[in-house]
Amino acid sequence: MAARSGTRRFKLLLVGVLLGIVAWSVLWFVAATIVDRQIARAERMAIDRDAILICAERRVSGYPFRVVVHCADGTKIGANGRKVRLGGLRVAAQVYDPARIIAEVDAPVELHLGRTPDMEASFDLAHASAHIDLSNGALRELIAEVVDMTFDLGAAQLAVAEFDMSVRRNPDEAADLDFAIRMTDAVPREGLEPADIAVRGRIGGGASLLQGRPELLLRTLATEGLPLVIDTALVECGDMLIDISGTLELRPDGLVDGELLVAVAGTDEGLPYKAVMNPKAEQMLSGLLKNFFASAPTRKIGDREAHTVAITLDESRVKPGGWITVATLPPLPLRFR
């Protein structure tokens, strides 16, 4: 009797496992079908709105635990005369955690921005991870990495060993957007010294970008201006190290107001990019910097001593120390109707 009872329990367990596999398979295929139909619907809606959304040679895979959408070379996204063409795209989500999305893009990526010359980016790796709020479809956080990128700008070519970006909704001010960008070994032109650049800050009202509503941000800019907080902007090139922090406000008329604290180390050791400078101009600029920072207060950037200066931006007029205007920034080409 004990043997029969054990055999019956095993059979029931086996039936339960098989039913679970069947139920999970049905769930996966239903989820994959819904995803495929939603993409097809989005493509049709894009056509109705004079936009571009094409997932070339679309297919869905990933059974049993993931749903992966594959788009082949020729995938396009765009609107208003601007478009991006991808060499391929894969977007994946776990069936049991659909709020976490992982994407990978294949090179090349071609950018057509209308009146400007076309641009093309090539890279060894480009991937991103996103966390989505399933209640409204908005992004909560996006983290992206691009490795060994070359950006062809036509007349110039930018090479970056690694590009990292992170954006998220500010935890204290839900309407604001936190951002962090880092570029390692960025070379603006072949033969020039590489630079490391790291920027971290916050955009007032920028969280609307995570909701796919850039028009809300533009509306704020057009009526009130756009505040920008720079926690730190660190640039290291050759022997020179620059650290910038402060606040800026982009005005509706394209002018900029703000207060910045700039710290510079390495002014005594020569300027970067001397290879593209006229020797006399480089000597004159080096002398000006040394004289300008000669009596400036100092602080440490890491283990290096840096000279600091406060800079006021008043209607795009650059005023070191808030006094004399030494330069005027051109207004940004903003057009609102």
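The values are calculated or read from the model by the stated rules, or taken from the named source; none is laboratory data. Everything numeric in this text was worked out from a predicted model, so none of it was measured. Cβ atoms come from the backbone with ideal geometry, glycine included; neighbour counts cover every protein chain shown. Ligands, DNA and RNA are excluded from the accessible area calculation, which covers all protein heavy atoms including side chains. Shrake-Rupley method; radii C 1.70, N 1.55, O 1.52, S 1.80 Å.
Name the shape class, rounded, prolate or oblate, that the alpha-carbon gyration tensor gives for the stretch 109-153, where a ≥ b ≥ c are the square roots of its eigenvalues, rounded holds for a/c under 1.5, and otherwise prolate holds if a/b is larger than b/c and oblate otherwise. It is oblate, given that a/c is not under 1.5 and a/b is not larger than b/c. At q = 0.08, 0.13 Å⁻¹ the log10 of I(q)/I(0) for the stretch 12-168 amounts to -0.30, -0.73, computed by Debye summation with a single uniform scatterer per C-alpha, solvent ignored. Of LEU19, LEU27, LEU113, the residue with the greatest mean-square motion in the GNM of the chain, using alpha carbon springs below 10 Å, is LEU19. For the chain, the longest principal axis of the alpha carbon atoms and the long axis of helix 279-293 meet at an angle near 90°. For the chain, the longest principal axis of the C-alpha atoms and the axis of helix 214-223 are separated by about 30°. Of the accessible area of the chain, computed with a 1.4 Å probe over protein heavy atoms only, carbon and sulfur atoms account for 59 percent. Relative contact order of the stretch 97-199: 18 percent, from C-alpha pairs under 8 Å at least 6 residues apart in sequence.
Against the empirical 2.2 N^0.38 Å (N residues), the chain has a Cα radius of gyration ratio of 1.32.
Between SER25, SER166, SER208, the residue with the greatest mean-square fluctuation in the GNM of the chain (Cα pairs under 10 Å linked by springs) is SER25.
For LEU153, the residues 5 or more places off, or on other chains, whose built amide H falls under 5 Å of its own are LEU158. Distance between the 7 Å Cα→Cβ label points at ALA156 and SER129: 3.4 nm. Rounded to whole numbers, the Karplus 3J(HN,Hα) couplings from phi for the stretch 53-62 are 8, 10, 9, 5, 6, 4, 8, 10, 9, x Hz, using 6.51 cos²θ - 1.76 cosθ + 1.60 with θ = phi - 60°, and x at Gly and Pro.
Estimated from the Cβ-Cβ distance and a Förster radius of 30 angstrom, the FRET efficiency linking ASP48 and GLN94 is about 0.40.
For the stretch 84-129, the set of trypsin sites (Lys or Arg not before Pro) satisfying both a DSSP loop assignment and a count of at most 11 other C-beta atoms within 10 Å is given as ARG115. Globularity index of the stretch 116-213 is 1.26 (Cα radius of gyration / 2.2 N^0.38 Å, N = number of residues). Angle of helix 2-48 to the longest C-alpha principal axis of the chain, folded into 0 to 90 degrees and rounded to 10: 50°. Of the three principal axes defined by the Cα atoms of the stretch 189-269, the extents in descending order read 46, 28, 21 Å.
Run through the stretch 117-209 and list the GluC sites (Glu not before Pro) located in a DSSP loop whose Cβ has at most 10 other Cβ atoms within 10 Å. Answer by residue number: GLU190. Rounded to the nearest 500, the helix-only mean residue ellipticity at 222 nm of the chain stands at -7500 deg cm²/dmol, with each DSSP H run of n ≥ 4 adding -39,500 (n - 2.57). Enumerate the calculated ³J(HN,Hα) couplings along the stretch 239-251 in order (Karplus 6.51 cos²θ - 1.76 cosθ + 1.60, θ = phi - 60°), each rounded to whole Hz, writing x wherever the residue is Gly or Pro. Running phi through 6.51 cos²θ - 1.76 cosθ + 1.60 with θ = phi - 60° gives 8, 9, 10, 10, 10, 10, 9, x, 10, 10, 9, 7, 8 Hz.
Note on ASN136 and ASP172: their simple-model spin labels are 2.2 nm apart, each label 7 Å out from Cα toward Cβ. Working from label points 7 Å from Cα in the Cα-to-Cβ sense, the VAL309 to GLU190 distance is 3.6 nm. Entry note, the stretch 1-89: relative contact order of 20 percent, from Cα contacts under 8 Å with a spacing of 6+ residues. Applying the criteria of a DSSP loop state and at most 11 other Cβ atoms within 10 Å to the chymotrypsin sites (Phe, Trp or Tyr not before Pro) of the stretch 82-177 yields TYR96. Sequence-ordered 3J(HN,Hα) estimates for the stretch 106-118 from the Karplus curve with 6.51, -1.76 and 1.60 and θ = phi - 60° stand at 9, 7, x, 10, 10, 10, 10, 10, x, 7, 7, x, 5 Hz, glycine and proline given as x. Around the amide H of GLY205, modelled in the peptide plane, lie the amide H atoms of ASP176, LEU177, all under 5 Å away and 5 or more residues distant in sequence or on another chain. Based on Cα contacts under 8 Å between residues 6+ apart, the chain shows a relative contact order of 7 percent. When both the stretch 52-106 and the stretch 210-264 are represented by their alpha-carbon centers, they are found 32 Å apart.
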